[in-house]
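To start, the structure under review is shown below, and the notes come after it.
The numbers here are math on the coordinates, done by the rules we state, and not lab data. The model shown is predicted, which means the values in this text are computed figures rather than measured ones. Cβ coordinates were reconstructed from backbone atoms using ideal geometry, including for glycine residues, and neighbour counts include every protein chain displayed.
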There are 2 protein chains.
Amino acid sequence: MSNETLEKLIDHTRQTAILASVDELLNWDQRTLMPKSAETYRADQITLINGMVHQRNTDPRLGEWLAELVDQYPADSTDDAAVTVHRLYKQYNKEKNVPARLVEEISRARVKAHSAWVGARETNSFADFAPYLETIVKLFKEKTEAIGFGDCAYDVLLDDYEPDAKTSEVTAVFAELKDGLVPLIREIGESKYRPDKSIIERRFDIAAQRKFGLKAASAIGFDFDAGRLDVTHHPFCCTVGPKDCRITTRYNENHFNGAFFGTLHEAGHGLYEQGLREDQFGLPPGEYCSLGIHESQSRLWENLVGRSKAFWEHFFPKAQSAFANSIGDVTLDQFYGAVNYVEPSLIRVEADEATYSLHIIIRFEIEQAIFDGALDVIDFPAAWNQKYVEYLGIEPPNDSDGVLQDVHWCEGLFGYFPTYALGNLYAAQFFAAAEKEIGDMDSQFRNGEFQPLLNWLRENVHVTGKSRSATGILKAATGETLSPAAMIEGLRKKYSEIYSI
Amino acid sequence: MSNETLEKLIDHTRQTAILASVDELLNWDQRTLMPKSAETYRADQITLINGMVHQRNTDPRLGEWLAELVDQYPADSTDDAAVTVHRLYKQYNKEKNVPARLVEEISRARVKAHSAWVGARETNSFADFAPYLETIVKLFKEKTEAIGFGDCAYDVLLDDYEPDAKTSEVTAVFAELKDGLVPLIREIGESKYRPDKSIIERRFDIAAQRKFGLKAASAIGFDFDAGRLDVTHHPFCCTVGPKDCRITTRYNENHFNGAFFGTLHEAGHGLYEQGLREDQFGLPPGEYCSLGIHESQSRLWENLVGRSKAFWEHFFPKAQSAFANSIGDVTLDQFYGAVNYVEPSLIRVEADEATYSLHIIIRFEIEQAIFDGALDVIDFPAAWNQKYVEYLGIEPPNDSDGVLQDVHWCEGLFGYFPTYALGNLYAAQFFAAAEKEIGDMDSQFRNGEFQPLLNWLRENVHVTGKSRSATGILKAATGETLSPAAMIEGLRKKYSEIYSI
């Protein structure tokens, strides 16, 4: 490498990544095992490191280097240097265009909105939260204008989490997905057959759950020499360094699914992080592509692998010996049915594989309408409730179990929700393509062989980092554009067996 | 506060302290639960944060501010501002006088010496280590010259760990201590009575050890809302923030003492950290006074409290119910005797309360002789072995169990060892003074009341921070100068009962 400016850029960015990784450790520690009285000083520590990261990311020298470099590298290349320059250029300009005044106002408004949201959940009244949410929405509209957009403000928001995605495309695909899911869920609901879900609500010893979860996470390839599994109320995955990916879960002695599929889910995120290029850590070619692609990896391992019949053909005997007193009397088919129970419900984070995406589509439609100007904040609950009735056939009895259930909006995370459902779509498309290339995955899973699938994902998804957009990775890996067909087909196949529909 | 320069100084120092506290977390995590493959990147993280701390500590503006401030505040005041200015001024000038070239050479030499030390321990040959240690000694002699000293180079080294202490004073007090300990230990050895130490070498369930240790640490006042206890091979205490003090211990299923007294020892360090002024965190009035004072707190709780008869009058029934199968058949007196077993041994970190200080005196005398020019590195083993025979009546059979046992010298930590024995002396003097003021401590301990002693230490030691020197704290708290009388008297009293001497 003989380009001195590029070297400076890379060196600067790598150093920033080290600082950001230290911030990850501060956050991980805070959420897992920090003593509770340490809260105040921890905030000072995080603020200081965050401030340094921000300062480095908005360093004017960065702008100068990027301006000099951007014309030297083709924008559509997947070459490391080109990807680095163009991704950083885009990010730098996006940040640069948002006035510091607006950044501060958003930061203050979030703190207030968060308190108001907590209070509104207690009083069960969206009206108490509405004025704060209105302020947040107003500020984010300002932000989209400061950054600039073509014909759709929401594109700017989406781009923060799903770079290069277009609202119009997502809208079209989600409409098609909805058209596939709504009748499927209705048919399941009308089926006479119901698995006995009480099986997974028996008593499962927590130490045994942890051990079994660790075994499964290891079996699918999560490297515990380069990661950990801890307990938190809100499970997450975070990366403290290229060989240090930490996942968490939470255990409920009276429910098997939460911790087990939560562990597989976070391990799926972790496998992606562990599969990113170590030599490019902190640089775009070594960073996750998008939240949608990230979620595709967690959903793929949680649902397409972990909720498959073949997976349990391998793991059920092990589960029976791990939880002899709980499921010694249960058959594989009963257990498989129970972990695949489908039931429209109010709370997104508790939703099953079939209904989950509809929760997301509702949020996406509301977000889009608000930034289109088609919906006022005050009308959120009505729009929300009406969509729940229409898509899922249930109506929230109150705001806390309805429009107030998620933390995202008071944080200003508009454009984030759709990535959850995009993850489901990408996952199904990757899974179908992998099957075509590596052969009968059911037989492999039945034998406890998950490495062929992981290898396929490593080569076709993980190693690419941000060198392609999400749909670019999809195209290269599957030959397809974004489509809900694979997902709907997969679900219909699974449920027609379980529910005899 | 109206002094703008002072405000800048304090603000700068507080920010540096935040960065240093982040480094503490990186280190704590590395030593407790970091995934093993994360080692390389962790080194990058620590190097970056360390570099930032160093840069801030040697920032020329700091020198300008301090030069402006130093004449505005009396040097002998215990006022916060005066203490802050004078302590930082001293530290800044000390660092400033050491050329960057020398700092780097020392750093490189330490890495090489550490490897050589590890190798020499394997081959059991001091000669393999000697040339590296010679280099280290040479560089530290250069360092003492760069910093400057009156008539004793060793003063400069001592000052890094025990600020303001003088070699001549320590020499005199250690000589007196040795004169008290050597005959005491001989008498114990000659006594016909031996406690049955096999009692504490029975099987003690590790989960029960942890629970019992936590209970004892809580009972003496360690605040687990502002701290943690974890497991590491080398126990330590570290402070991640003003309300975040983390201690560690290690468990041996076949030995009670190690983990239990280790926990009390580290909790004693932790009580000191938890008793420092939160409003002055990172500033000299809120920092521990010296390593000797720090060690006085750990030794006081470990030995003077934790190995007292009264302590076990309270805790022995609890120990019996925690370890019913191990010590259900043991009497209080038998147990008390076993935890106070005295036996000259080769390894410092395994030494008992009576012999420990002699291990330190040996190291101190050797260090002093080398910096005086009275001893060559190559003659270390001979000097070492001769002193072990003379003071403890035993001779190391090889270098690994002798002169090569400690990591300190290859790290260049000359002047560090004496603080361990100074801690024993301070502890005994504090303990005797506390007894005079707060009444019969034995009765208090017997009732599980440790708060009066802790309060006395908080008021007379902890809250002072670096506002006085170690001997200044001692004088203010006890009215005395440094003396081994209290320690010798205390040990003689204890062992005359246990060993009938």
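A few notes on this one:
- Inter-part distance where the stretch A:297-311 and the stretch A:334-398 are each reduced to a Cα centre, Å: 23 Å
- Percent RCO, i.e. relative contact order, over chain A, from Cα pairs under 8 Å lying at least 6 residues apart: 20 percent
- Ranked for footprinting exposure by Cβ neighbours inside 10 Å, fewest first, B:TYR154, A:TYR356 give A:TYR356, B:TYR154.
- For the stretch B:136-243, size of Cβ-based charge dipole, Lys and Arg +1, Asp and Glu -1, in debye: 860 debye
- Centroid-to-centroid separation of the stretch A:424-453 and the stretch A:256-281 [C-alpha atoms, Å]: 17 Å
- Using the empirical formula 2.2 N^0.38 Å as the baseline, the Cα radius of gyration of chain B reaches a ratio of 0.98.
- Structure-based [θ]222 nm, chain A - -39500 (n - 2.57) summed over DSSP H runs of at least 4, per residue, nearest 500: -20000 deg cm²/dmol
- Teacher prompt: B:GLU122 distances to equivalent labels in other copies, 7 Å Cα→Cβ, nm: 6.2
- When both bridge partners sit in the stretch B:219-359, DSSP labels roughly 50% of those beta bridges antiparallel.
- Listed pairs B:LYS36/B:LYS94; A:LYS178/A:LYS466; A:LYS215/B:LYS211; A:LYS211/A:LYS436; A:LYS197/A:LYS243; A:LYS96/A:LYS466 exceeding 31 Å between Cα atoms: B:LYS36/B:LYS94; A:LYS211/A:LYS436; A:LYS197/A:LYS243
- For B:ASP399, B:ASP244, order by how many other beta-carbon atoms lie within 10 Å, fewest first: B:ASP399, B:ASP244
- Projecting the Cα atoms of B:THR481, A:LEU48, B:PRO195 onto the charge dipole of the protein assembly as shown (Cβ charges, centred on the Cα centre) puts B:PRO195 farthest toward the positive pole.
- Projecting the alpha carbon convex hull of the protein assembly as shown along each direction and taking the average yields 45.2 nm².
- Three-way shape label, the stretch B:1-97, alpha-carbon gyration tensor, a/c 1.5: prolate
- Look at the alpha carbon pairs under 8 Å that are at least 6 residues apart: their mean separation over the length of the stretch B:1-97 gives a relative contact order of 30 percent.
- Proximity of backbone amide H atoms, modeled 1.01 Å from N, is registered between B:ARG228 and B:CYS245, B:ARG246, B:ILE247 at under 5 Å, excluding neighbours fewer than 5 places apart on the same chain.
- The string of couplings for the stretch B:144-156 from the Karplus curve (6.51, -1.76, 1.60, θ = phi - 60°) is 4, 6, 5, 6, x, 7, x, 10, 9, 4, 5, 3, 5 Hz, one whole number per residue in order, with x for Gly and Pro.
- Neighbour counting of Cβ atoms within 10 Å sorts the residues A:CYS238, B:CYS410, B:CYS152, fewest neighbours leading, into B:CYS152, A:CYS238, B:CYS410.
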